[in-house]
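Peer 1: Attaching a single structure in structure tokens format; questions to follow.
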Ligand code: ES4
Ligand code: ZN
């Protein structure tokens, strides 16, 4: 599927990737062995005893034949598997290695710039300090820029299933690293957790000069009202981007609102096709694109899909939306317009 020289060669900007979303079972195991830090299986409360066992349980979301998603005994839910990776990371070197994994993959796909999500609350709650995390990221970021020609910035996400108090504490801690952090996002489990819960801290972040975005997940569990809040409500005037938000394609007034505010949307097709019908997913992506809404393509959590990075995500929309090479090029250009790098830096990037 990667034999597409045109799409491979496009200089890329990636705006929707979780650094923790690249922690495969193998990488988790590597960190856990190195740190002599067992990984707990949340289903049994026992440590995983082998890489094979960990791989099996980590196979959460892969839409393969005889879909193992339904095998709730062996297979963890997405968030169980995702947060299960955090406890294996202990040292600055681990965070450095993790980020370098991404930057090396990115360089191989001609990614020139990335705005990378990270979830600090998930790390501090298993005992890692901000300093350990950020110094590892900082060293990797510098090396990637110098040696791989991949520039980047970080987007700190609040875990929306944690409290406003916790978000506020982490926001205060982030201020020490504002040279690295370009924006503030909102992720994790959205059920019953509207963006408005975090309005106070988002308003502060906007005042302090951060750019804002928030996840609005795809499917029937996620109300249009959350998209409406992100587009119009957050920090009084709405966020700068919407992450996912594909549900909006089914609603004429929301689509009009997003278009009139020129809000970009980050779209990660592999994340949707594991739980939504193909024709609906690609019909909606095509509809947003044809309506002139600025969408860009990201990979979300490559290690939890089919090892699908930004290149594979571009290829799957090309195939199922029937995009021409020129239209795929347009998706890449949208990411230039949507990114938060300064104007001069943008021009030098591509
Ligand atoms: C996430 Cl809501 C959501 N979806 C996918 N990956 C994530 N990582 C953190 N939150
Ligand atoms: Zn995401």
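Peer 1: How far apart, in nanometres, would the label points at residue 280 and residue 345 be if each is projected 7 angstrom from Cα along the Cα-to-Cβ direction?
Peer 2: Taking the simple label geometry, residue 280 and residue 345 are separated by 3.8 nm.
Peer 1: Hey, another quick one. Given points 7 Å out from each Cα along the Cα-Cβ axis, report the residue 220 to residue 290 separation in nanometres with one decimal.
Peer 2: Each label point lies 7 Å from its Cα, and together they span 2.5 nm.
Peer 1: Another question, then. From the Cα gyration tensor of segment 119-215, with a ≥ b ≥ c the square roots of its eigenvalues, which class applies: rounded if a/c is under 1.5, or else prolate if a/b is larger than b/c, or else oblate? Spell out each step's value before the answer.
Peer 2: Working: a/c = 1.95, a/b = 1.62, b/c = 1.21.
Note, shape of segment 119-215 comes out prolate.
Peer 1: How far apart, in nanometres, would the label points at residue 333 and residue 262 be if each is projected 7 angstrom from Cα along the Cα-to-Cβ direction?
Peer 2: 1.5 nm
Peer 1: OK, next. Given a Förster distance of 25 angstrom, what is the FRET efficiency for residue 34 paired with residue 80, based on the Cβ-Cβ distance and rounded to 0.05?
Peer 2: 0.65
Peer 1: Can you give me the P(r) profile for segment 186-297? Cα pairs, bins 5 angstrom wide beginning at 0, each as a whole percent.
Peer 2: Over segment 186-297, the share of Cα pairs per 5 Å bin runs 2, 12, 25, 25, 19, 11, 4, 1, 0 percent.
Peer 1: Restricting to Cα pairs below 8 Å that are 6+ residues apart, what does the relative contact order work out to for the chain? Please round to a whole percent.
Peer 2: RCO, the chain: 20 percent.
Peer 1: Give me the percent relative contact order of segment 94-169, please, defined on Cα pairs under 8 angstrom at least 6 residues apart. Could you put the intermediate results ahead of the total?
Peer 2: Numbers: 81 pairs, mean separation 34.9, N = 76.
Relative contact order for segment 94-169 comes out at 46 percent.
Peer 1: Right, here's the next one. Run through all the Cα pairs of the chain and give the fraction in each 10 Å bin from 0, expressed as whole percent.
Peer 2: Taking every Cα pair in the chain, the percentages come to 5, 26, 36, 26, 6, 0.
Peer 1: Once you have the Cα-Cα distance between residue 208 and residue 252, take 0.36 nm times their residue separation minus that, and quote the gain in nm to one decimal.
Peer 2: Between residue 208 and residue 252, full extension yields an extra 12.5 nm.
Peer 1: Give the separation of the Cα centroids, segment 152-227 to segment 257-332, in Å.
Peer 2: Here the answer is 22 Å between Cα centres.
Peer 1: Okay, next question. Indicate, rounded to the nearest 5 percent, the antiparallel portion of the DSSP beta bridges found entirely in the chain.
Peer 2: Bridges in the chain are about 5 percent antiparallel.
Peer 1: With an 8 Å Cα cut-off and a minimum separation of 6 or more residues, compute the relative contact order for segment 168-296 in percent. If you can, show how the numbers build up before the last one.
Peer 2: Values: 175 pairs, mean separation 24.7, N = 129.
Relative contact order comes out at 19 percent.
Peer 1: Moving on to the next point. Quick check on the chain: helices-only [θ] at 222 nm, where DSSP H runs of length 4 and up contribute -39,500 (n - 2.57) each and the sum goes over total residues. Nearest 500, please.
Peer 2: Taking each H run of at least 4 residues, the total per residue is -12000 deg cm²/dmol.
Peer 1: Please give the FRET efficiency for residue 131 paired with residue 196, using the beta carbon to beta carbon distance and R0 = 41 Å, rounded to the nearest 0.05.
Peer 2: 0.80
The numbers here are math on the coordinates, done by the rules we state, and not lab data. Since this is a predicted model, take the numbers as computed values, not measurements. Reconstructed Cβ throughout: ideal geometry from the backbone, glycine too, with neighbour counts over all protein chains shown.
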